[in-house]
Structures are given as C-alpha cells and as structure tokens.
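The values are calculated or read from the model by the stated rules, or taken from the named source; none is laboratory data. Treat the numbers as computed from the prediction; the structure is a model and nothing was measured. Cβ atoms come from the backbone with ideal geometry, glycine included; neighbour counts cover every protein chain shown. The protein model used for the area step is the full one, side chains on, heavy atoms only, and it has no ligands, DNA or RNA in it. Shrake-Rupley method; radii C 1.70, N 1.55, O 1.52, S 1.80 Å.
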Amino acid sequence: MDTPLLKGLPPVIDTDAGLLILGSFPSVRSLAAGQYYANPRNAFWPIIAEVFGFDCTAAYSRRLAVLQTRGVALWDVLHSCRRAGSADSAIDPKSLVVNDFGALFGEHPAITRVYFNGAKAAALFERLVRMTPPGVSFVRLPSTSPANAITKERKLAAWKVIGQSG
C-alpha cells in the first residue's frame, strides 16, 4: 500500500480517569480536526451526550471536559498505521504500531474499565497488545461509526453501560 504513515491522536485522560474508551484509529476527519469522533455522522458524541446528560453540539473542549469530570478517558488502540480513507478495513495490517498501554495503565492505575468502540478496536487490542492488567475489565460495545448499520437506538442501549458505576 503506497499511502503515508498516519499518526493518531494523543489520549484525552487525567489522573481521575477510571474508564477508558478505545477506538481503533481516528478517521480522516478526526485526524484533520485533531478531535476524536469529528465525523458528524458518527454517533459517538450524541450517544455519549445522552448517557452523561450534556449537549452533544457543545464545543469540543467542553465535551472533553464533561468526560473528564466523569472519569472517562479516550484513546485508540493504534498509535500509527497506513490507511487509505477512514474505513478500518482499509488499514494496512503490515503498518500497525500500537499505543503504549503498559505506560498508560502504569500511570493511570485508577482505570478499571475499558470499553472498545467496535469489534475492530477489540480485535486489534487482543491481537497486538495482549495485556490484561489485574482488576481491569474489558467490554466490546457496538461501533458508533456510520459504517455500523445497527440503529443509533440499539447502539445507545448497549453504550448505556458506561454511565453505570463500576
């Protein structure tokens, strides 16, 4: 694949984070904007806003602040990869570099719950990261991507679990 190497976004995390949401890798729009889930067709922000009770159209910095006050962190499994377009299926499997989860879990021992935003994120983590820190639970949720054909209502029903205390 003759595509440039793409570098993902830094984690959105603070010392109080107890819950980590992991995607696979940011979309073209997200990388261009420097924002997680920047594609307006992605259901992530409307779902998260409904779960935590805030305005999904608020400024990005405000949405992140709400998540951080709720102890929620965002990151992706992949640090970098080659990909044409935004589809997970277009990621070049020979180009995968994972983020440093050993350092993340070491620096943020309060994280006890990890939720994967879709099957690809869960599969990449399981195959490439292969770590399960003691006391940390891992749950795959339906992808909020517009490529995932299930309804927003079904996605929301599954994602409500993140609003429950662990």
Looking only at LEU19, LEU74, LEU96, which one moves most when the chain is put into a Gaussian network model with springs between Cα atoms under 10 Å?
-> LEU96
Round to a whole number: what % of the accessible area of the chain belongs to carbon and sulfur, probe 1.4 Å?
-> 52
Most mobile of ALA73, ALA149, ALA123 in a GNM of the chain (Cα contacts under 10 Å) | ALA149
Heavy-atom accessible area per residue - the chain, 1.4 Å, Å² | 50
Got the relative contact order for the range 5-163 handy, in percent, Cα pairs under 8 Å and 6 or more residues apart?
-> 31
Computed, not fitted: 222 nm per-residue ellipticity of the chain from DSSP H runs ≥ 4 (each -39500 (n - 2.57)), nearest 500, equal to -7500 deg cm²/dmol
A correct Karplus calculation of ³J(HN,Hα) over the range 105-110, with 6.51 cos²θ - 1.76 cosθ + 1.60, θ = phi - 60°, whole Hz and x for Gly and Pro, returns 5, x, 7, 10, x, 6
Give the ranking of ARG130, ARG29 by solvent-accessible surface, highest area first, calculated with a 1.4 Å probe.
-> ARG130, ARG29
Reachable lysines from LYS160, Cα under 29 Å, same-chain residues fewer than 8 places away excluded?
-> LYS120, LYS152
How far is it, in nm, from the label point at GLU153 to the one at LYS94 when both lie 7 Å from their Cα along the line to the Cβ?
-> 4.6
